[in-house]
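Here's the structure, in structure tokens; my notes come after.
What follows is calculated from the coordinates using simple rules that are stated; it is not laboratory data. Small disclaimer: the values here were computed from a predicted structure and weren't measured. We place every Cβ from the backbone using ideal geometry, glycine too, and count neighbours over all the protein chains shown.
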């Protein structure tokens, strides 16, 4: 019979971290409560020591000292799209390094669900809220403003709205310029505005304005806006265009999955890409470069986006900095899915 008493686990203390890092306990405390007050070398030494020992600061005591909950909220339009989920995962990781927990609300592209999510996050006493994408409900941001909750919009935003976002309209105009430069005059656009609850349709405006600069037009029948976000939606979009009597020489798609679906349906119809029709995607996912032919796509880097959002939110909470009006750069990667018009 084993009568040995169980060994009690004693968690590492601030003093243990301080001794291993070669700093004072006060410096360890600052590393977790006010990291901006430490030089980067010291901050990194403390963090390495804490990680090595498995030290975890007591969050409740820290939040009481700071008079903060150390919790942020994020309202996502959906989690079904890999780009959104990837951005959320990186944001959560970046903010966790700074001691913040991220609470999620997914609206599933429903305006009422977005507003309900904002209310639920405020009820949790979050320090700030990240609004992902253009507004679904007109009251979401004003409600946060009235309650004095710091909030930052990201990914896409209205023209003069403080935010960290990509200029999707400029990116779409760049796609049009690329295709027109290849001699394409008959374009089609596949963007599921209805599924996205996108009331503003800025990308449609951008495409039409870019074409108009070359004396070209985008017929209403050449716009497919009632589909989904996946590969099958691309296949259905190509069939819909043909049922409407449209024979575009190039198709502009709102993501790489849709573009891949268009290519597959063209292939099934006996057409070759890009010999018979050119196709472009968006977000430059791993699929874009792996597909055959590789898809010409607009790169909207997940890491650049998430890092800029985290920096802006932390600067506002810790230093009282105003939220920026920051437009992140995009880049068109030209690949085998686009070629000269016949």
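Summary of values
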{"read-out": "Relative packing of 144-150, 246-252, 101-107, which averages over residues the other C-beta atoms within 10 Å, highest first", "value": "246-252, 101-107, 144-150"}
{"read-out": "Binned Cα-Cα distances of region 168-300, short to long, each 5 Å bin given as a whole percent", "value": "2, 12, 23, 26, 23, 11, 3, 0"}
{"read-out": "Solvent-free Debye scattering, log10 I(q)/I(0), computed from the Cα coordinates of region 143-239 at q = 0.12, 0.19, 0.21, 0.23 Å⁻¹", "value": "-0.49, -1.00, -1.14, -1.26"}
{"read-out": "Extension gain from residue 267 to residue 119, taking 0.36 nm per residue of separation minus the Cα-Cα distance", "value": "48.5 nm"}
{"read-out": "Whole-angstrom gap from region 171-192 to region 22-49, using each part's C-alpha centre", "value": "51"}
{"read-out": "Percent breakdown of C-alpha pair distances by 20 Å bin, ordered from the shortest bin, for the chain", "value": "27, 45, 23, 5, 0"}
{"read-out": "Helix 82-97 vs. the chain, principal-axis angle (Cα, 0 to 90°, nearest 10)", "value": "20"}
{"read-out": "Degrees, to the nearest 10: 111-123 long Cα axis against longest axis of the chain", "value": "10"}
{"read-out": "Alpha carbon centroid spacing (whole Å) that separates region 217-280 from region 107-146", "value": "34"}
{"read-out": "In degrees, nearest ten, helix 40-53 long axis to first principal axis of the chain (Cα)", "value": "70"}
{"read-out": "Average Cα contact separation per residue, the chain, under 8 Å, 6 or more apart, as relative contact order %", "value": "15"}
